[in-house]
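The values are calculated or read from the model by the stated rules, or taken from the named source; none is laboratory data. The model shown is predicted, which means the values in this text are computed figures rather than measured ones. FYI the Cβ positions are ideal-geometry reconstructions off the backbone, even for glycines, and counts take in every protein chain you see.
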Amino acid sequence: MVKVSTELSKHVVFLRHEFTPSYSISDDALKQELNDTKQEIQRVANQISFMLTILPYIGQKVLPIVGIFLASFGTGLFMKKFMGSHSNKFKNTYITKQFIAFDEHQKQQQKPCLLPLNRKERKYYVTIPSFCLTKKDRKNMQYFFLPVFINLFIWLLFAAVDYLFYWLIISVNKHLQEVPDPEIQLSLVQQKNEKSFIIDRREHIAKTDVFKISLFKHDCIPQPELTLSTTWIQLGVIIFFLIIFGLFSGLLTQLKILVSTSFYPDTEMKRISYLHAKLLKKRAKLQAKTVKNTFARTVSFWFPILKAREAVRKKERSVANDNMV
């Protein structure tokens with residue numbers, strides 16, 4: 001009996017099983033591509049970080065100096081043209097108080113005067129200071145606003161592209177969340193052999209387990225944010241100031257003319273005399289052209305024979321009337 005128990009102890013086996021499934025994908029080419037992409041993203045991020053660091057510094061230190069230099073250069077160029085040899089023609093389209101006094105003095109001396117200006121002249125010559133702009137100033141204002149509207153259109157285009165990307169990411173995000181997790185069936189088959197004293201017993205054990213595997217982590221799904229307020233508030237402020245600068249560009253020219261003439265009265269008198277004579281000459285040409293056009297519209301100008309025949313008929317009628325009397 002002791003011998004049998006010893007033999008049984010040799011055939012008894014204790015089985016302890018712990019099964020922990022795991023999965024991994026090994027692809028050296030994919031890993032290399034991911035590493036290259038990571039390095040490229042890091043390089044671009046470093047460049048962006050450097051630009052974001054250096055640009056504010058340049059803006060704080062360099063831009064004020066550049067602004068002062070451009071303002072000084074523009075003022076110097078304006079004064080050079082105002083005091084130069086062609087000063088009489090430089091922006092000489094404004095009627096100042098001194099011009100009005102000069103025209104009144106001409107009127108008192110029984111000389112040709114100009115004021116008030118006619119409707120056509122008021123399009124090109126304006127009394128300052130005034131919010132009215134000449135035709136040339138309005139054209140310059142249009143040239144100023146043209147790049148502003150072009151840049152605004154480009155900004156709107158980029159905003160539309162940004163919104164399309166936002167909509168695309170949101171759509172992809174929604175579809176990714178709706179993708180069901182794949183189910184994997186794990187079948188375990190076990191064949192158990194037992195030896196007894198009389199017969200051998202075989203037992204076939206099969207078990208199927210089902211578990212799900214997520215294709216991606218939900219934390220990795222991008223969650224974009226469309227911050228319209230942050231973008232359009234800053235853009236609106238920039239556009240507002242550009243519109244203000246464009247509207248007051250003509251008034252700034254008037255201010256420069258008034259300040260310059262107050263410091264240089266002799267130059268102002270030369271400009272006034274030149275503009276006064278120029279307008280008188282234009283009016284004389286216009287009147288001569290008007291008279292010529294009036295003659296050109298009459299039939300007798302083109303057919304003098306008809307005029308002579310009409311004069312003969314009038315004379316015959318007057319003679320007939322005298323005979324009747």
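Taking every residue in the range 98-120 that is within 15 Å of Lys282 (Cβ to Cβ) and pairing it with any residue that is of a type in the set (S, T, N, Q) and surrounded by 13 or more Cβ atoms within 10 Å (Cβ to Cβ), at least 6 positions away or on another chain, the pairs with Cβ-Cβ distances below 6 Å are Cys113/Gln106. Taking the criterion of being of a type in the set (Gly, Ala, Ser) and assigned to a helix (DSSP H, G or I), the residues of the range 28-86 that qualify are Ala29, Ala45, Ser49, Gly59, Gly67, Ala71, Ser72, Gly74, Gly76.
When you scan the range 289-310, do you find a residue that is of a type in the set (Gly, Ala, Ser), loosely packed, with under 13 Cβ neighbours inside 10 Å, part of a helix (DSSP H, G or I) and modelled with pLDDT of 70 or more, even just one? No, because not a single residue in the range 289-310 is of a type in the set (Gly, Ala, Ser), loosely packed, with under 13 Cβ neighbours inside 10 Å, part of a helix (DSSP H, G or I) and modelled with pLDDT of 70 or more. Among the residues making up the range 88-110, a single one is surrounded by 15 or more Cβ atoms within 10 Å (Cβ to Cβ) and at positive phi: Lys91.
From the list Leu235, Leu226, the one residue that fits, being among the hydrophobic types (A, V, I, L, M, F, W, C), in contact with a helix residue (DSSP H, G or I) (Cβ under 9 Å, 6 or more places away or on another chain), at pLDDT below 70 and surrounded by 10 or more Cβ atoms within 10 Å (Cβ to Cβ), is Leu226.
Scanning the range 238-279 for residues that are touching a Leu at 6+ places or on another chain (Cβ under 8 Å) and either modelled with pLDDT of 85 or more or farther than 19 Å from Lys89 by Cα (or both) returns a single hit, Ile239. Selection of first residues in the range 162-186 that are free of Cβ contacts under 8 Å to residues at least 40 places away in the same chain and of second residues that are among the hydroxyl-bearing types (Ser, Thr, Tyr) and exposed (fewer than 11 other Cβ atoms within 10 Å of the Cβ), restricted to Cβ pairs under 9 Å at least 6 apart or on distinct chains, gives the following pairs, ordered by first then second residue: Asp181/Ser214; Pro182/Ser214; Ile184/Tyr23; Gln185/Thr208. Output the qualifying pairs, or none if there are none: Cβ atoms under 6 angstrom, residues six or more apart or on different chains, first residue in the range 61-84 and closer than 14 Å to Val259 by Cα, second residue among the small types (Gly, Ala, Ser) and in a helix (DSSP H, G or I). Listed by first residue and then by second, the contacts come to Phe82/Ser260.
Residue check, Tyr163 against (1) of a type outside the set (A, V, I, L, M, F, W, C); (2) surrounded by 13 or more Cβ atoms within 10 Å (Cβ to Cβ); (3) farther than 20 Å from Phe240 by Cβ, all met but one. Which one? Going through (1) of a type outside the set (A, V, I, L, M, F, W, C); (2) surrounded by 13 or more Cβ atoms within 10 Å (Cβ to Cβ); (3) farther than 20 Å from Phe240 by Cβ one by one, Tyr163 breaks only (2). Hey, among Gln185, Gln190, which residue is modelled with pLDDT under 80, out of contact with any helix residue (DSSP H, G or I) (no Cβ under 9 Å at 6 or more places or on another chain) and surrounded by 10 or more Cβ atoms within 10 Å (Cβ to Cβ)? Testing whether each residue is modelled with pLDDT under 80, out of contact with any helix residue (DSSP H, G or I) (no Cβ under 9 Å at 6 or more places or on another chain) and surrounded by 10 or more Cβ atoms within 10 Å (Cβ to Cβ) leaves just Gln190.
Filtered by the rule that a residue be polar (S, T, N, Q) and surrounded by 15 or more Cβ atoms within 10 Å (Cβ to Cβ), the range 64-87 gives a lone residue, Ser87.
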